[in-house]
1. Any idea which of (1) surrounded by 18 or more Cβ atoms within 10 Å (Cβ to Cβ); (2) within 13 Å of ligand 2 (Cβ to nearest atom) is the one residue 190 doesn't satisfy?
2. Before we move on, is residue 171 free of Cβ contacts under 8 Å to residues at least 60 places away in the same chain, under 30 Å from residue 269 (Cα atoms) and more than 24 Å from the chain's Cα centre (by Cα)?
3. What about residue 290, is it closer than 22 Å to residue 142 by Cα and more than 17 Å from the chain's Cα centre (by Cα)?
4. Please find, among 278, 301, the residue that is touching a strand residue (DSSP E or B) at 6+ places or on another chain (Cβ under 6 Å) and part of a helix (DSSP H, G or I).
5. With respect to the numbered conditions (1) in contact (Cβ under 8 Å) with a residue 40 or more places away in the chain; (2) within 28 Å of residue 218 (Cβ to Cβ), which one is the sole condition not fulfilled by residue 149?
6. Among (1) in a loop (DSSP other than H, G, I, E, B); (2) out of contact with any strand residue (DSSP E or B) (no Cβ under 8 Å at 6 or more places or on another chain), there is one condition residue 149 misses while meeting the rest; what is its number?
7. For region 67-106, which residues satisfy the criterion of being over 22 Å from residue 28 (Cα atoms), away from ligand 1 (no atom under 12 Å from the Cβ) and within 35 Å of the chain's Cα centre (by Cα)?
8. All but one of (1) surrounded by 14 or more Cβ atoms within 10 Å (Cβ to Cβ); (2) outside the structural domain of residue 33 (by TED's automatic domain parsing) hold for residue 100; state the number of the condition that does not hold.
Ligand code: FES
Ligand SMILES: [Fe+2]
């Protein structure tokens, strides 16, 4: 079963992927889900499995504020309640238990967010990088056949730049990792990791301590910023930033929504620039992919044999916090999930 952190908002899709009037079937968080917009455009998310004979509702239709199964026409409302069984006629009572499992989703910052916990009266705010809100961006999507912990750790790994990216962002042979300086804490209600990177050519210099690096980096924006369960931002300059939403598809597949942002009021220029950035981001990410896909085991929380070094400080903090959050409560999700072969 997929390990997920309880009571977190997971980004699962971009809002624009779900059109009005058409159910959208997708695998996320180890489950097959159907998302659809009812009247007024409100978004709903349910298990993509009809309680009658197990057909996928995503192959059905949306009619007013109901989703209709393509197999025998059963109709379900946004809460998952079955309202009509055509074969039984309008007079018949709906049998108890004839309902669809329904999940809480919200839309914000161009993403659809899935609540990994019990329904609540009031939900916590959706954490996001507030400085990015409203600026032009371009998204590129990549699916990698590995566990999401490995993809996150790769974006917190500051020791691979001079090797994996030696022809691009890691050019210059700066293989000596001073630090990195890492801070963890609670931010917007979730755990965060901030990383200040200082990589140099190896001149035989000693490492500075975390206290020394704290002083040097005081008042500076972190180079990398991570918010649990899966949001990451890279500060390239005050105006130019990349962000990633890491979306678990299942235990062995992860989707990247990688956005290039340019903070400019000239939206046309911003859009054009982010398209160019997006192209080069794709190239750089492919350099990572070649190596990250060889890492075993796929789930880094099962990689007790990994021998971490000082330069892996951000990764070890991620592992520590991830373990602690998992211990705080894993989510019980429906057992029904797609198998590898059904994809
Ligand atoms: S399987 Fe959905 S109505 Fe029969
Ligand atoms: Fe990389």
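The values are calculated or read from the model by the stated rules, or taken from the named source; none is laboratory data. Remember, it's a predicted structure, so these values are computed and weren't measured experimentally. Glycine also receives a Cβ, built like all others from the backbone with ideal geometry; neighbour counts cover every protein chain displayed.
1. The number of the failed condition is (2).
2. yes
3. Numbers: closer than 22 Å to residue 142 by Cα: yes; more than 17 Å from the chain's Cα centre (by Cα): yes.
So residue 290 fits the description; yes.
4. Details: 301 fails: touching a strand residue (DSSP E or B) at 6+ places or on another chain (Cβ under 6 Å).
Just a single option satisfies the conditions, and that option is 278.
5. Single failed check for residue 149: (2).
6. Looking at each condition in turn, residue 149 falls short on (1).
7. Residues satisfying the conditions are 81, 83, 97.
8. The one condition residue 100 does not meet is (2).
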